[in-house]
Amino acid sequence: MAPPTLPTSFLPQSASSPKHDASETIIGVLAFLGYVVAGAIFVFAIGVFLYGRVLLMTKNAEDAQLAKAVAALDTSTVPAFVRLHDRLVTGMTLVNNHVALSGFFPILEAITPGPVRFNTIRISFNDKHEATLDAAGTAQNFNALAATSAAFAADNRFKGAIFSGIVLNQKDGSVAFTMSAALDPKVIAFTP
């Protein structure tokens, strides 16, 4: 028979699995998270690469369509279109700056009382294209002139109406006057 083996130590040995240290567990978890993050970065990198390829193919297809459309253009019509555009812009500028007095006279007639007559009317423009009305006329009496002054003051289309140069005619009692006012641009603007 074989001799029994003698223990080399007096401490009993455990038959269970070896014990794990807590720091080894934390290191293992961190290593696993590192692999997950690296895998996600790799997947995103592949996605960015594929998306770049899709964008490049779309750009190439659109460039080909644009080249085909440019080749189909008749180059002799381009100057005609440019000339037409310039003419339309010039026409719009002329229409927008056009002075139309056809709307001004009915407004003036509606504001002015019956016994007041204008002998001269002058509309002038300054550098900023602001219109000024200068007029001279006669009123049947002072009351008619006062009513005219009140009517122009109440109408916001004639701004700052000033009546001056008032002269009484001794023969018939009529009153001569001059007037100046700034005009609202809408009063003399062309409206199609």
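Among the residues of region 140-192, write down those that are assigned to a helix (DSSP H, G or I), free of Cβ contacts under 8 Å to residues at least 60 places away in the same chain and not small (G, A, S).
F142, N143, L145, T148, F152, P185, K186, listed by residue number.
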Practice task
Take K68 and decide whether it is surrounded by 10 or more Cβ atoms within 10 Å (Cβ to Cβ) and free of Cβ contacts under 8 Å to residues at least 24 places away in the same chain.
Solution key: no
Handout entry: region 142-181, residues that are among the small types (G, A, S), surrounded by 15 or more Cβ atoms within 10 Å (Cβ to Cβ) and farther than 17 Å from E109 by Cα
Key = S174, A176
Exercise for the section: Looking at (1) assigned to a helix (DSSP H, G or I); (2) under 35 Å from the mean Cα position of the chain (by Cα); (3) of a type outside the set (D, E, K, R), find the lone condition where L108 falls short. Expected result: (2)
Fill in the blank from the handout: Reported set for region 97-128 where residues are of a type outside the set (G, A, S), more than 30 Å from K171 (Cβ to Cβ) and in contact (Cβ under 8 Å) with a residue 40 or more places away in the chain is H98, V99, L101, F104, I107, I123
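In the set V99, V95, V89, which member is at pLDDT below 85 and more than 30 Å from F177 (Cα to Cα)?
Result of the check over V99, V95, V89: V95.
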Problem - E62 under 30 Å from S149 (Cβ atoms), within 41 Å of the chain's Cα centre (by Cα) and of a type in the set (D, E) - result: no
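Quick grid of which residues meet (1) surrounded by 10 or more Cβ atoms within 10 Å (Cβ to Cβ); (2) assigned to a strand (DSSP E or B); (3) among the aliphatic types (A, V, I, L, M); (4) touching a Pro at 6+ places or on another chain (Cβ under 6 Å):
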residue: E62; (1), (2), (3), (4): yes, no, no, no
residue: S76; (1), (2), (3), (4): no, no, no, no
residue: D86; (1), (2), (3), (4): yes, no, no, no
residue: T90; (1), (2), (3), (4): yes, no, no, no
residue: T93; (1), (2), (3), (4): yes, no, no, no
residue: P113; (1), (2), (3), (4): yes, no, no, no
residue: D127; (1), (2), (3), (4): no, no, no, no
residue: T132; (1), (2), (3), (4): yes, yes, no, no
residue: T138; (1), (2), (3), (4): yes, yes, no, no
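The values are calculated or read from the model by the stated rules, or taken from the named source; none is laboratory data. Bear in mind the structure is a predicted one, so any value in this text is a computation, not a measurement. In this analysis, Cβ positions are derived from the backbone assuming ideal geometry, glycine residues included, and neighbour counts consider all displayed protein chains.
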